[in-house]
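Quick note: the coordinates plus some simple rules give every number you see, no bench work behind them. These figures come from a predicted structure and were not determined experimentally. Quick reminder, even Gly has a Cβ in these numbers, built from the backbone with ideal geometry, and neighbours come from all protein chains shown.
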Amino acid sequence: MHSVSNKTSNPLPKTGKLVAVKGMNDILPPDSARWEWLEDKVRALMARYAYRNVRTPIVEPTALFVRGLGEVTDIVEKEMYSFEDRLNGEHLTLRPEATAGVVRAASEHSMLYDGGKRLYYMGPMFRHERPQRGRYRQFHQIGAEAMGFHGAEVDAELILLADALWKELGLKDVCLELNSLGQPEERKAHRAALIAYLEGHSELLDEDARRRLHSNPLRILDTKNPAMQSLVQAAPKLLDYLGEESRRHFDTVKAILDANGVAWTVNPRLVRGMDYYNLTVFEFVTEQLGSQGTICGGGRYDYLFEQIGGKPAPAVGWALGVERVLELVKEQEAAPPMLVADAYAIVPDEKSLPAVMAVLQRLRALDVSVQMHSPAVWGEGMGSMKSQFKKADASGCRHALIFGSDELARSAVTIKPLREGGGDQVERALDALPDWAPTLQSPR
Ligand code: ATP
Ligand code: MG
């Protein structure tokens, strides 16, 4: 658990090639372009819903997660990267999720003193899980949180926001599952009924369920054990224990979704991994990613602020798994073509470099992207025209800019289209650069 393990530490390898930590990935070009594409879409969308960016530390006090997420959750029981600071003995944890940190920040900086706040974040999270497709030890989440609002319209707004994101990304066949966990009193009544029911069928419970029977019986409903499915199907449903107000809250969320044409199904067994949820919970799931099909999950967490010692405040939010969303984008071929520069600069003579690079800076200032030819070895010239053209072709750029000494003597550059249908090669005067620079730009 979150105590310091007695395991003797492995010695540091003194030789050999060092590689990344298991389950933690490098994100490299050209894949990283897809990440940037997604992040840009998210930023634009969040702005349209008036959600503002927050950035909290990756390391937080361990107690934040133990108290915030609950001691008997999977994350706190077995998935956290917790350690003791060697210098001062502080108990620290690499954040396994960001909601607790955002709540801590909102509370620490009294962000809600003048009313509710709508916030979003993007960043890496850390969970010690068994690495597999869609499940990593360092993974990334993008999340949205609305804090200081009780109303069901905010729950609905967040779901509409996520739904709009799927549309922006061109994703199809993402299904929304909803549930309501009610309020603590309602859960207590349901919990008692559930424990009584499960105790009545104790011979059907697996080891995991037996362990959770009194600590976290709701999680038993979430079991993936096929042998227990009929048992949990017939278990008392929390929805039947909701009071008038909780039911009205849930109905309002559903009515707003209906009015917006967002399809949903109620999944009475949807309980989510963290203890902090109440009322609305939801997940967006797909069947196209194998067993890791949940791309986004969230809900209302009206008690988390006080749980971590802050002034009580209602809140609701969601987090999506970036790796899974991008995997789905790939699966559905929804991504745009990978980014290439507009032009590739060919420079036959090394001596021209200062003048050429001044021209390239002017182009870039006008939003033309330019990749410059650079030979692998310095001091032996720029390489033959043939080899430079080969590189230019391989770059995927639509144009080559040829800065031959003849052209430069005339204060000009030759623009050669590299792709079929790009027209003829033309010479352009550098004085008139602002006039022709836009013709180099690919459609953005
Ligand atoms: P799961 O049931 O798949 O373990 P979870 O309930 O633990 O998911 P949340 O804590 O709700 O997940 O996180 C929100 C989203 O983050 C998930 O829906 C998923 O897309 C993504 N996610 C969670 N854990 C991982 C992981 N280890 N690797 C990659 N993505 C993850
Ligand atoms: Mg999990």
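Compared with the alpha-carbon gap, the fully stretched path from ASP251 to ALA394 is longer by 45.8 nm at 0.36 nm per residue.
Here is the list for region 6-109: trypsin sites (Lys or Arg not before Pro) lying in DSSP coil, each with at most 15 other C-beta atoms within 10 angstrom of its C-beta, are LYS7, LYS14, LYS17, LYS22, ARG55, ARG86. A Förster radius of 41 Å combined with the Cβ-Cβ distance from GLN229 to ASN88 puts the calculated FRET efficiency at roughly 0.25. Nearest 0.05, what FRET efficiency do LEU213 and ALA33 give at R0 = 60 Å with Cβ-Cβ as r? Computed FRET efficiency for LEU213 and ALA33 comes out at 0.75.
Net charge dipole, the chain: roughly 740 debye, given to the nearest 20, about the Cα centre with Cβ charges of +1 for Lys and Arg and -1 for Asp and Glu. Centre-to-centre, using Cα atoms only, region 171-216 and region 18-89 are separated by 28 Å. Would region 343-440 count as rounded, prolate or oblate if I go by the C-alpha gyration tensor, calling it rounded below 1.5 in a/c and otherwise prolate when a/b exceeds b/c, oblate otherwise? Oblate is the answer for region 343-440, as a/c is 1.5 or above yet b/c matches or exceeds a/b. So how tilted is helix 353-365 from the main axis of the chain? Cα-based, degrees 0 to 90, rounded to 10. That works out to roughly 50 degrees. With 18 Å as the limit, write out which pairs from LYS330/LYS390; LYS386/LYS416; LYS391/LYS416; LYS188/LYS254 have Cα-Cα distances beyond it, or answer none. Over 18 Å Cα-Cα: LYS330/LYS390; LYS188/LYS254. Look at the alpha carbon pairs under 8 Å that are at least 6 residues apart: their mean separation over the length of region 343-440 gives a relative contact order of 31 percent. Placing pseudo-labels 7 Å out from each Cα toward the beta carbon at ALA429 and ILE58 gives an inter-label distance of 5.3 nm. Just tell me which lysines come within less than 22 Å, Cα to Cα, of LYS14; anything on the same chain fewer than 8 places away is out. Within the straight-line limit of under 22 Å, LYS14 reaches these lysines: LYS22. Compactness ratio for the chain: Cα radius of gyration over 2.2 N^0.38 Å (N = residue count) comes to 1.25.
In region 222-315, which GluC sites (Glu not before Pro) are in a loop and have at most 14 other Cβ atoms within 10 Å, using DSSP for the loop call? In loop regions of region 222-315 (DSSP not H, G, I, E or B), the sparsely surrounded GluC sites (Glu not before Pro) are GLU287. Using a Förster distance of 25 Å, how high is the FRET efficiency between ALA50 and GLU185, based on the Cβ-Cβ distance and rounded to 0.05? Approximately 0.15, to the nearest 0.05.
What do you get for the angle between helix 385-395 and the principal long axis of the chain? Use alpha-carbon atoms, 0 to 90 degrees, nearest ten. Orientation of helix 385-395: about 20 degrees from the principal axis. Fully extending the segment from GLU244 to SER387, taken as 0.36 nm per residue of separation minus the present Cα-Cα distance, adds 44.0 nm. Site pair TRP378 and GLN441 shows an inter-label distance of 3.4 nm when each label is modelled 7 Å from Cα along Cα→Cβ. Between ALA192 and LYS22, the contour length at 0.36 nm per residue exceeds the Cα-Cα span by 57.0 nm.
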